[in-house]
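Q: Before I ask anything, here is the structure I am working with.
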Amino acid sequence: MSAPPPSSPAPRVAVIFASRTGRTRRMAEALAEGAREAGARVTLREASEAGPQDLLDADAIVVGSGVHMGGPEAPLRAFLGDTSPLWLAGKLCGKLGAAFVSSGDGARGGAELALLSLLTTLAEHGMLLVPMHNRLPGFAAGGMHWGAVAATNPRGGEPGPTREQLVAAHSHGRWVAECAARWLRGERSQSSAGSA
């Protein structure tokens with residue numbers, strides 16, 4: 001029998017978001033709650049109030065935004081643009097990163113483009129990306145492989161984020177925290193959230 005893994009500190013997850021209407025905030029809160037349930041210490045900040053130290057202090061960084069014109073909202077774009085000094089110094093290399101969005105018609109072109117834009121920025125920083133796999137609760141209603149998505153103005157149906165879409169955000173937050181904890185412990189085993 002092998003010895004139990006050495007204990008490690010709780011992972012620190014920063015959730016940075018832009019939310020003009022409050023809908024993306026609801027997703028951010030659900031995602032943060034999922035991360036907390038997995039044992040993470042969570043910092044939840046509006047992009048306009050966040051600073052570089054929020055990123056430096058985190059083991060995992062999750063960014064989210066409403067979708068406008070196929071991309072993230074201006075406050076989050078500005079915040080991420082201001083991270084270039086961190087990029088130049090390689091300060092975020094090796095941290096984990098993930099993204100989520102709320103979009104008018106949900107998982108259509110604009111949402112996917114915005115998610116890819118956000119993930120590209122995180123990858124540019126040398127971060128390890130944590131996608132949303134299709135075995136997570138809520139994936140069918142509020143997920144795509146790039147991250148959680150809420151349809152805020154669907155063609156028919158309930159405007160989101162719906163309960164199921166919040167479940168998707170919650171489970172993605174939990175998955176990010178579980179991956180961060182495993183990363184900090186140096187493990188590669190699969191989690192209870194399903195096979196990766």
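Q: Which residue is surrounded by the fewest Cβ atoms within 10 Å (Cβ to Cβ), if the candidates are limited to the range 21-36 and must be closer than 15 Å to residue 114 by Cβ and hydrophobic (A, V, I, L, M, F, W, C)?
A: That would be 28.
Q: Could you identify the single residue in 71, 90, 51 that is at negative phi and in contact (Cβ under 8 Å) with a residue 24 or more places away in the chain? Outline the logic, then answer.
A: Values: 90 fails: at negative phi; 51 fails: in contact (Cβ under 8 Å) with a residue 24 or more places away in the chain.
Answer to the selection: 71.
Q: For the range 118-146, which residues satisfy the criterion of being assigned to a helix (DSSP H, G or I) and surrounded by 19 or more Cβ atoms within 10 Å (Cβ to Cβ)?
A: The initial filter retains those residues of the range 118-146 that are assigned to a helix (DSSP H, G or I), namely 118-124, 139-142.
Passing the criteria: 118, 119, 121, 122, 139, 141, 142.
Q: Looking at (1) modelled with pLDDT of 95 or more; (2) touching a helix residue (DSSP H, G or I) at 6+ places or on another chain (Cβ under 7 Å), find the lone condition where residue 95 falls short.
A: Going through (1) modelled with pLDDT of 95 or more; (2) touching a helix residue (DSSP H, G or I) at 6+ places or on another chain (Cβ under 7 Å) one by one, residue 95 breaks only (2).
Q: Looking only at the range 51-108, how many residues end up being aliphatic (A, V, I, L, M), surrounded by 20 or more Cβ atoms within 10 Å (Cβ to Cβ) and farther than 27 Å from residue 164 by Cα?
A: 4
Q: Same structure again: Count, please, the residues in the range 25-53 that happen to be over 13 Å from the mean Cα position of the chain (by Cα) and in a strand (DSSP E or B).
A: Within the range 25-53, residues that are over 13 Å from the mean Cα position of the chain (by Cα) and in a strand (DSSP E or B) number 2.
The rows are residues; the columns are (1) in contact with a helix residue (DSSP H, G or I) (Cβ under 9 Å, 6 or more places away or on another chain); (2) modelled with pLDDT under 95.
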| site | (1), (2) |
| --- | --- |
| 68 | yes, yes |
| 79 | yes, no |
| 90 | no, no |
| 118 | yes, no |
| 130 | yes, no |
| 135 | no, no |
| 148 | yes, no |
| 157 | no, yes |
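The values are calculated or read from the model by the stated rules, or taken from the named source; none is laboratory data. Since this is a predicted model, take the numbers as computed values, not measurements. Don't worry about glycine lacking a Cβ; one is built from the backbone with ideal geometry, like all the others, and counts go over all protein chains shown.
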